1. List the residues whose amide H sits under 5 Å from the amide H of T234, counting only those 5 or more places along or on another chain, with H placed 1.01 Å from N in the peptide plane.
2. Can you check what the net charge comes to around V340, using other residues whose Cβ is under 14 Å from the Cβ of V340 (Lys, Arg +1; Asp, Glu -1)?
3. Quick one: length gained pulling K482 to D409 fully straight, 0.36 nm per residue minus the C-alpha distance?
4. I need E445, E225 ordered by Cβ neighbour count within 10 Å, fewest first.
5. Could you size up the charge dipole of region 90-220 around its Cα centre, putting +1 on the beta carbon of Lys and Arg and -1 on that of Asp and Glu, and report it in debye to the nearest 20?
6. Measure up K295/K448; K204/K462; K271/K403; K300/K386; K231/K325; K374/K403 against 30 Å on the Cα-Cα distance and list the ones that go over.
7. What residues have an amide H closer than 5 Å to that of W188, excluding those fewer than 5 places away on the same chain, when H is modeled at 1.01 Å from N in the peptide plane?
8. Among residues other than A415 whose Cβ falls under 13 Å from its Cβ, what is the net charge (Lys/Arg +1, Asp/Glu -1)?
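Derivation of every value follows stated rules applied to the coordinates shown; laboratory data play no part. None of these values were measured; they are calculated from a predicted model. Methodologically, a virtual Cβ is constructed for each residue, glycine included, from the backbone with ideal geometry; neighbour enumeration extends over all protein chains shown.
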Amino acid sequence: MLEKQLSRRVFLRSAGIASAAVLAAACQPKIVEVTKIVEKEKVVEKPVEKVVKETVVVEKQVEKVVEKTVVVEKEAQPAQLPKMKLRFGYGGWAKDYADIMIANFQATEPNVEVEIEVIAGDLIQVLYTQAAAGTTGDVQWIADAHVMNLGDAGVMLDMTPLAQADPVDITADIYPVMLGLGKWQDKWYMIPWAADAPVMYYNKTMLEKNGVPLPDPLKGYTVQEFQEACKKVTNEKEQVYGWNGMDSMSWWAIYVPWVVGFGGQFYSADKSKCVLDTPEAMEGIQAIADIACAKAAVPKGANFGGDPFILGKACFYLMNRFHCKNIRAAQVEFEWDVAVPPRQPVKHTAGAGTMGPGVSAAAQKRGTHQAAWKLASTIAKPATQKHFARQYLSIPVLMSMAKDPSWYDLPAPPANRDVFLEIPKIAITPPNPAGPECGTVYVGETNKIMNDAWDEMLVGCKPAKEVMPEAVKRLNEAFARKCK
């Protein structure tokens, strides 16, 4: 079965695939030691002298002593795993995340040796090859971009039964939208490492200098206000622009929320065809393209020798929490903060995308899948989440840590902390097709066709109403032939 599924993936790769409950202590099992309460009479002889007509009388005094036992209730200590070895695979870029996760796991499971396997080159192609040979690591770090393909191909294991057998239900405390990023057809393949979703970073100094009102942190600019702000701060002569920019506009987490926010959709209800050629969808796409074609966004491929926002060459940047660390490390001279992304007219939405560990199907065949689950689920434990949060790297994926001091009490900037808590309320998951044959908004034929369309609209400045019907036609023809 796997070989058959993997043969379909070979074609996909050739087509471009590379790439609210709290965890309560009461949920923990407890040992209760109970002993009956027993009362005993204890005779204590004490001489008592009484003088009765010059005669000394010694009497016995009886004391009743009640002995009571104490009822002891204590947490049960789960049995440690036996001596064994687990393999953990990841791309080199995930080392910092994986290292702390492994350290926290081994703090409670000292008998388990974790062998790290750094995968160089095309991570996904390597995983397909390893899966065919049954040599995939027990735990594998992946991105939500590949959940559908790796799950459908049988590379990753559905962790739902493992989670259900765990005494602590971590799924109850994970933001639903983040949980959804790791699922395909109601099967769970990836545990999210953070509440990852792009917020709008803005250069406060630049806005005030140009007389532009600051955005409301939790409501944001309207799309029209955002368009005008981008134009007002742009100074082509000084190579200063509104939005950093054109290279990120074709990222699904930017354009799909605008499509939905204007009343459109990427796929039909049954996900059998693309519907980006509806008036609503094209209006949302055009609203983004208008900023680029007004030359109010960093030109595609522009190179300033660094990040345009950090260098003060762009006023706005839509990116995840980790960018806070980058900006602070650069010690920028301007004031900055964050707000929610621009507010669309029909429904305010934003994107979401993350990565994290999962258990491989090979682990189940080796009989190490339960231990692998314990290692993988460590990513969602408070100790691990706090470590990431303290570094301005992430917002904890656990709802119970919404205002945890590990991140909420960090020094500003950014000062508008609640922005990061608002995003999970409006964020959406990427649109997935009915099947993986033609890839997704991230990879494969679907991604390629959309990138071509965006090049026409952003670089060539062709209207969406001219570009999208042809792009949709190409997509639906690809779906019909299942990209064979």
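1. Here G242 satisfy the definition.
2. Counting the neighbours of V340, the net charge comes to +1.
3. Working it through step by step, the gained length comes to 21.2 nm.
4. E225, E445
5. Magnitude of the dipole: close to 640 debye.
6. The answer is K204/K462; K271/K403; K300/K386.
7. M159, T160
8. -1
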